[in-house]
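The structure appears right after this line, and notes come after that.
Bear in mind that the values in this text are calculations on the coordinates, not laboratory data. Worth saying up front: this structure is predicted, and the values here are computed from it rather than measured. Cβ atoms come from the backbone with ideal geometry, glycine included; neighbour counts cover every protein chain shown.
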Number of protein chains: 2
Amino acid sequence: MAKAIQTQVVKRCKSRDKCQTVIGRHVYGNLYGINPAVISNLDFIAETVVNAAIAGKMHILELIKRKFDAKDSPDRSGVSVIALIEESHISVHTWPESSYATVDIYSCGSEANPDTAFSYILEKLKPKEYKRYYADRST
Amino acid sequence: MAKAIQTQVVKRCKSRDKCQTVIGRHVYGNLYGINPAVISNLDFIAETVVNAAIAGKMHILELIKRKFDAKDSPDRSGVSVIALIEESHISVHTWPESSYATVDIYSCGSEANPDTAFSYILEKLKPKEYKRYYADRST
């Protein structure tokens, strides 16, 4: 996983033309009916985020991953993974007790493909149902 | 700032009732016409995120902050600040060369107030115009 994480800042998406336009695309969604064992596995979710970034041609700079307490069912702790990427961010938050997760893929620039990254996460988490939304984050 | 950042995981928003409902509210927006000096100031943006979390009754667990290269105008480097909060996440990304920033406040649970946190950031960044959107991230 570490190989995919860049340790130095090289660039970021910049305004692309004389009008100082920033292109920003945000794909986000709510995923229902996921196997709780899958979304309580912190390493698996972190690996999925890293590989989703690669699939979507995005570049991770830093990664936060955290498992939350679930005293009444310790094997079903929720997790959060957030990646700062050159292009903006990726996040996955999970609630295993509800078989539920949410995903945000927000990328600037025209080279990244947040939709592909979102689809990659769907393939890995295998929700029974999901809602996918698009938000324009451009100037 | 450090005082506001919790070093131990205490809890996270859990399903609130027997139906395993997760309440998730996401307020996000695009901010235009901001003073470039304000949104290239990494410490100021990080402090603003921390105080926005406090204003919105959210609890920061980890904070990523990063300044990006802007070789042609080093005093106008864009920044990104992302906070993992107990309740999900807060992010601010900026493009000083376009006087532009985007803000995401995503919180689970009924106690946090993401709208208040968003308004706090507006007060600090003082955009000439902005668009504010709401997304339901509940089950």
Give the residue list of trypsin sites (Lys or Arg not before Pro) in region A:97-139 that are DSSP loop and have at most 13 other beta-carbon atoms within 10 angstrom.
A:LYS128
Positive end of the charge dipole of region A:23-136 (Lys, Arg +1 and Asp, Glu -1 on Cβ, about the Cα centre): tell me which of A:VAL50, A:ILE85, A:GLY109 has its Cα farthest that way.
A:VAL50
Cross-link reach list, aspartates and glutamates versus A:LYS57, counting only Cα pairs under 12 Å and skipping chain neighbours closer than eight places:
A:GLU86, A:GLU87, A:GLU111, A:ASP115
